[in-house]
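The values are calculated or read from the model by the stated rules, or taken from the named source; none is laboratory data. Keep in mind it's a predicted model, so treat the numbers as computed, not measured. No Cβ is skipped: glycine too gets one built from the backbone with ideal geometry, and neighbour counts run over all protein chains shown.
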């Protein structure tokens, strides 16, 4: 009987001991850690084993055979990299909702590239760089561009992140600098230009960021001094030539002093650094003098968008002079040298010897030093005669004259 019982017990043990052993093994932390690691190694070995075994392991693409495992591995890698970039490096939720429901984005956030409407955009150092309309992530419509210190750079219309249309630009002090039409970030069209102190400097036409066409120039006290044509930011002094003194007086309305003798009528236009002259004509019943030439009292010549300061540079643009040499001054040149000497120049000695001030802005010249010698270079260009004046033959000039070529 005992033998029968022991046999039955051994049979039960034979059935349950392996199961119990397996349960103990599966609940052992060391075994579990080792087994999980072993299975992961096997899995990743299979995953990274991109070597095909037979033709069924290939995809056929346009005549090319691509390993299915390699394709799967590449897709998985790209997916994981994209997920990491979107969730860690550049999360899709990089915006916050500010006042009035306007969303704020970092300048390089991915969602911004798909956004249209009004937003705020933060610069690299997290300052508010732009607030306004965007289209496909770029400034497009109306908006405001800011500096890092919070001052405005520009306020107005944008197109593809460029100033385009009507707007206003500002100095770093946030004083208005320009208001009017823009094209490709530059002043183009009708507009107004202001000085740093807020005084109006110019109103009129612009092109490529420069004064171009008709406009009016103002002094620092907001007083209009000149109305006429400009080219590449420069006043067109040649427009005075051939005008009557009445017409010239309508063009230039700034401070002026008139010098006369029996032969010449000379006007110093102090606010634009120029002097024009004409000849007195006793037979002229209208008592009208025609402007024959205008002296520009500057040691730099603006021509074709270039600033020329030496005769060598002038020769490079205009060719060799048609005349070069010493010459004695006439009254208009004596007046021009006199005006230059008031502010300092390379000319020396007083040229006007005897004069009488009859009004605060009118002077009769009774005598001047007609033996005063200057060195001149004369050029003919586009129907005009340009003469450059220096004290000696040294390649420099202190002023130049524009006249019509007869």
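For the stretch 371-380, taking the residues that are touching a helix residue (DSSP H, G or I) at 6+ places or on another chain (Cβ under 8 Å) and more than 14 Å from residue 301 (Cα to Cα), the one that is surrounded by the most Cβ atoms within 10 Å (Cβ to Cβ) is identified as 374. Inspect all residues belonging to the stretch 328-336 and state whether any of them is touching a residue at least 12 places away in the same chain (Cβ under 8 Å), loosely packed, with under 14 Cβ neighbours inside 10 Å and part of a strand (DSSP E or B). Yes, the stretch 328-336 contains a residue that is touching a residue at least 12 places away in the same chain (Cβ under 8 Å), loosely packed, with under 14 Cβ neighbours inside 10 Å and part of a strand (DSSP E or B).
Given the structure, is residue 191 crowded, with 18+ Cβ neighbours inside 10 Å and without any contact (Cβ under 8 Å) to a residue 24 or more places away in the chain? It is true that residue 191 is crowded, with 18+ Cβ neighbours inside 10 Å and without any contact (Cβ under 8 Å) to a residue 24 or more places away in the chain. The single condition from (1) touching a residue at least 24 places away in the same chain (Cβ under 8 Å); (2) over 30 Å from residue 341 (Cβ atoms); (3) surrounded by 18 or more Cβ atoms within 10 Å (Cβ to Cβ) that residue 212 fails is (1). With respect to the conditions (1) closer than 29 Å to residue 207 by Cα; (2) assigned to a helix (DSSP H, G or I); (3) at pLDDT 95 or above, residue 315 falls short on a single one, namely (3).
One residue stands out among those in the stretch 325-356 that are over 25 Å from residue 280 (Cβ atoms) and over 41 Å from the mean Cα position of the chain (by Cα): the one that is modelled with the lowest pLDDT, which is 348. Residue 170 satisfies every condition listed in (1) within 15 Å of the chain's Cα centre (by Cα); (2) at pLDDT below 95 except (2).
Would you please name the residue that is surrounded by the most Cβ atoms within 10 Å (Cβ to Cβ), looking only at residues in the stretch 381-399 that are within 14 Å of residue 318 (Cα to Cα) and in contact with a strand residue (DSSP E or B) (Cβ under 8 Å, 6 or more places away or on another chain)? Per the stated criteria, the residue is 388. For the stretch 253-274, filtering for residues that are closer than 18 Å to residue 293 by Cβ and not in a helix (DSSP H, G or I) leaves 15. Residue-level check: of (1) touching a strand residue (DSSP E or B) at 6+ places or on another chain (Cβ under 9 Å); (2) closer than 24 Å to residue 240 by Cβ, residue 306 misses just (1).
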